[in-house]
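Derivation of every value follows stated rules applied to the coordinates shown; laboratory data play no part. Remember, it's a predicted structure, so these values are computed and weren't measured experimentally. Quick reminder, even Gly has a Cβ in these numbers, built from the backbone with ideal geometry, and neighbours come from all protein chains shown.
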Amino acid sequence: MKVLHVAAECVPLVKVGGLGDVVGALPKILLGLGVDVSLAIPFYKMIDRTKLNFLPKTELVKLVFDHESFEVIVWQTTLPGAMVAVFLFETGRFLTQGPYDSVGAVDGGGHEDIRFSFFCAAVATWLKDKAFDVIHCHDKHTSLLCKEVKSKKLRVKSVLTIHNLGNKGSDETGLPVGIEFADEITTVSPQYAQEIQTPEFGYGLEGALRQKARQGKLVGILNGLDEDFWNPIKDGQFSLNLKLGDGEIEKFKTVNKDNVFEKLGLGRDMSEPLFVFIGRLTLQKGSDILVSAWQEYAKTQKGKLVVLGVGEEEYVNGLRRLESQENDGKTEKKVVFWEKFDEQLAHELYAGADFFLMPSRFEPCGLTQMIAMRYGAIPTVRDVGGLHDSVSDAQTGLVFAKSETEDLLLAMNRAIGLYQTEEFENFRKRIVKLDWAWEKSAKEYLSLYSNLYSS
Ligand code: ADP
């Protein structure tokens, strides 16, 4: 069975968020399960050509888009470290530095919607003489392809995975069109598959999604982690790796927490709990709640807060204000806001954190809570979407009901309570052992492809 994944991002070539992690990991596991799997993404300028080996022969795709003729060059390489074929579409004047308008990765190339519509049209044209059985489209950027293959009457089945319905795109080119035309819809956790059928999380598409669910065409499959990339035992990106055995987790956490304190100027008092947030600074992730809850918490309790993230101005400003309010410039810092995309620091923070905060308003799956658990940081999360499916209260994390200041504050107070007991160590021992491998979920995708293939 030949399957082509089509997406806007793919680790390690280009990553903005969790979508890139998923698209870079799932195909590798599917390959191991015997699927002939390939990937197609735009050839952004930020993709480092010098680090890739290309097949000598490129393909030329000719197409008419919006009454104009275009030529697209398709380069073929393989995913670094795996034998997954990657087709990079060099889309000429529609090509930008990186994928999205919103993260400032654009230097010309036009509006995101038009760029991805062009990419989908180019992939559909290229697919005409290819023998793929299934195309697997990801999120709004490649939704239009589900319609394109139908209107071109190609003999290929389509799967659309919804990674984030909050970013649904336009009715003509985004998730609405994908939901209408895809043969099968998946989303990234069982709980989110339920939630998106309700007005609270459905963004007006709940009716269409309920109908798909009734037809048996909507399923939630929990994302896994790339366990090579997120591996505390052989991760080269922080001070001390994790060893198996008694007392090793405590040692691992202490050395790495010490590293974070020193690197970020948090002082030497290691008895203070370290709370960490890593993620996009958006309404979804509740970064505003983080600020208000911290202001309350810090009035009575000890602790340090590190926030690593980039995002919307409103939340960035809120965090900058918090940082300057909480630090007097004379003594050691209490709050650090690191406004960058910084993979190295992310690894160091997962390894050093005591608690990992996620006050998300909605969370389709969330990978950061899984990474946190793997690195021994206790997830302190709202009970929503994939967080509901991956963290259980008082067992593997601290779970709170609502995305509100009061709820997060209570959870942080529970966290400091736990921190002062012996149970804290037991917690850490439990969570680092959990299995987040992709295999189970990849098998679910495989059976979905097989059903489509034989239908
Ligand atoms: P999203 O909703 O953004 O997809 P996920 O939890 O699924 O959220 O995945 C986010 C991914 O991006 C994780 O791998 C996380 O470590 C990474 N990440 C987010 N922000 C940053 C940042 N500022 N620096 C480094 N890594 C980041």
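On each of the three principal axes of the Cα atoms of the range 294-380, give max minus min coordinate, whole Å, ordered largest first.
Here the spans come out as 37, 28, 26 Å, largest first.
In whole angstrom, and with the biggest value first, how far do the Cα coordinates of the chain range along each principal axis?
Result for the chain: principal-axis Cα extents of 64, 48, 43 Å.
Taking the radius of gyration and the Kirkwood hydrodynamic radius from Cα positions alone, what is the Rg/Rh ratio for the range 24-155, to two decimal places?
Expressed as Rg/Rh, it is 0.94.
Given +1 on the Cβ of Lys and Arg, -1 on the Cβ of Asp and Glu, and no further charges, what dipole in debye does the chain carry about its Cα centre, rounded to the nearest 20?
Computed charge dipole of the chain: roughly 920 debye.
Hydropathy at least 0.5 by Kyte-Doolittle, axial extent at least 18 angstrom from the Cα trace: which helices of the chain, defined as entire DSSP H runs, fit?
What comes out of the filter, once short or polar helices are dropped, is 18-32, 112-127, 405-419.
Could you check how many percent of all C-alpha pairs in the range 366-455 are farther apart than 17 Å?
Distances greater than 17 Å cover 56 percent of the Cα pairs.
For the range 163-314, count all C-alpha to C-alpha pairs, find those more than 27 Å apart, and express that count as a whole percent of the total.
Result: 49 percent of Cα pairs exceed 27 Å.
Calculate the dipole size of the range 304-455 relative to its Cα centre from +1 charges on Lys and Arg beta carbons and -1 charges on Asp and Glu beta carbons; express the result in debye to the nearest 20.
280
Convex hull over the Cα atoms of the range 248-294, averaged projected area in nm²?
4.3
Pull up the DSSP beta bridges for the chain and report the antiparallel fraction as a percent, rounded to 5.
Given both bridge residues lie in the chain, the antiparallel proportion sits at roughly 25 percent.
Holding the Cα-Cα limit at 31 Å, pick out from LYS234/LYS330; LYS15/LYS433; LYS62/LYS340; LYS263/LYS302; LYS168/LYS243 the pairs that are longer than that.
Table pairs above 31 Å Cα-Cα are LYS234/LYS330; LYS62/LYS340; LYS168/LYS243.
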